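Let me begin by presenting the structure, written as structure tokens, before commenting on it.
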Amino acid sequence: MHYLVSSDVDLESFPRRHTGSDRKIWMPDLKGLFSVKCARELVRMRYPVLEEADLLWKSVVHPSLTAQNWMFVRGACATLDKIEEESLEHVLWSGSATNRAWQWLEGIFHIIPHYNLLAANKKAKGRSRMVKDLWLVSILVLRSELWYQRNKMVYEKKKPCWTFFKKRVFNLIHEYSARMTGYMFNKVEDLEILNFFRVKCHRVKMLEPVECFWQPPMHNQLLLCCDGASRGNPGVAGAGVVERNSACEVVGAMCVGL
């Protein structure tokens, strides 16, 4: 009470309980009850969300491949950047031998790769689901094998063999393709890519037209066509209504945000 008065707070303006006694309220929670979960949210340190995580944790990506590329995304690899000016970007992207590997993969898919995983995945926009998944897995495999070859050079002093490298990448992509269940397009390009990696041909997604119709309402009646949509759950949402009369003419329309 002393602190409230010294802060020029009008005590008479406070609401008063007519019955019962005062009780403590845990303010961070809307229910007013203390919980360990709510307390943990107050003291925890939040790290920025990595957008690449959604790509790495897809079902088509093998867990071992996810674990290796997760370290690349986090930058948690032991490079020699302080000694020999070796960075992770140089190992996985800008080196002379690395450029040869990426050009080889580009020639197979006819898709231009990118160092950023999100940008590289977007390069396959418009392709079939089977090719998209195969492209993502191929990128992750190539990054992992480039790091593997780098470690053999640094710690075992072994000179990399380009023929053996391609064969190993090819075999890994072929093995990981067993996890893919997407459709392919009825195109020669898709078939050439699948045949190159000896992937079993998947079904072609055929678009079958579905006939739908509606009848106009009777005289002195209105037909209300309504629907809603949301972008995220929770997220921005809205609804709309279109009114038609017996002559199928639009009488009115309305939209509202939710």
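The values are calculated or read from the model by the stated rules, or taken from the named source; none is laboratory data. From a predicted model like this one, the values you see are computed outputs, not experimental measurements. No Cβ is skipped: glycine too gets one built from the backbone with ideal geometry, and neighbour counts run over all protein chains shown. For accessibility, only protein heavy atoms count, side chains too; no ligands or nucleic acids. Shrake-Rupley method; radii C 1.70, N 1.55, O 1.52, S 1.80 Å.
Data table
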| read-out | value |
| --- | --- |
| Candidate set from region 76-112 (those that are charged (D, E, K, R) and either farther than 26 Å from Asp190 by Cα or at pLDDT below 85 (or both)); member that is most open to solvent (accessible area, probe 1.4 Å) | Lys82 |
| Positions within region 123-144 being over 24 Å from Val188 (Cβ atoms) and either open to solvent by 10 Å² or more (accessible area, probe 1.4 Å) or in contact with a Gly (Cβ under 6 Å, 6 or more places away or on another chain) (or both), in sequence order | Arg143, Ser144 |
| The listed residue being closer than 30 Å to Ile111 by Cα, assigned to a loop (DSSP other than H, G, I, E, B), open to solvent by 70 Å² or more (accessible area, probe 1.4 Å) and basic (Lys, Arg), out of Lys167, Lys159 | Lys159 |
| Helices (runs of 4 or more DSSP H) lying entirely in region 7-117 (those with 3 or more residues that are touching a Ser or Thr at 6+ places or on another chain (Cβ under 7 Å)) | 63-74 |
| Near pairs, Cβ below 6 angstrom, 6+ apart or cross-chain, from region 58-70 (surrounded by 15 or more Cβ atoms within 10 Å (Cβ to Cβ)) to any residue that is not in a helix (DSSP H, G or I) | Val60/Met180 |
| Any hit, region 126-147, residues being out of contact with any helix residue (DSSP H, G or I) (no Cβ under 9 Å at 6 or more places or on another chain), over 21 Å from Lys200 (Cβ atoms) and not in a loop (DSSP other than H, G, I, E, B) | no |
| Criterion (in contact with a Ser or Thr (Cβ under 9 Å, 6 or more places away or on another chain), open to solvent by 80 Å² or more (accessible area, probe 1.4 Å) and over 16 Å from Gln103 (Cβ atoms)) met by exactly one of Tyr148, Tyr183 | Tyr183 |
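Yes/no matrix, rows are residues, columns are (1) without any contact (Cβ under 8 Å) to a residue 60 or more places away in the chain; (2) within 26 Å of the chain's Cα centre (by Cα):
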residue	(1), (2)
Pro160	no, no
Met184	yes, yes
Trp214	yes, no
Cys225	yes, no
Ser230	yes, yes
Gly235	yes, yes
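A quick yes/no check of all residues on (1) open to solvent by 90 Å² or more (accessible area, probe 1.4 Å); (2) out of contact with any Pro (no Cβ under 6 Å at 6 or more places or on another chain); (3) farther than 30 Å from Leu134 by Cα:
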site	(1), (2), (3)
Gly20	no, yes, yes
Trp26	no, yes, yes
Met45	yes, yes, yes
Leu56	no, yes, no
Arg74	yes, yes, no
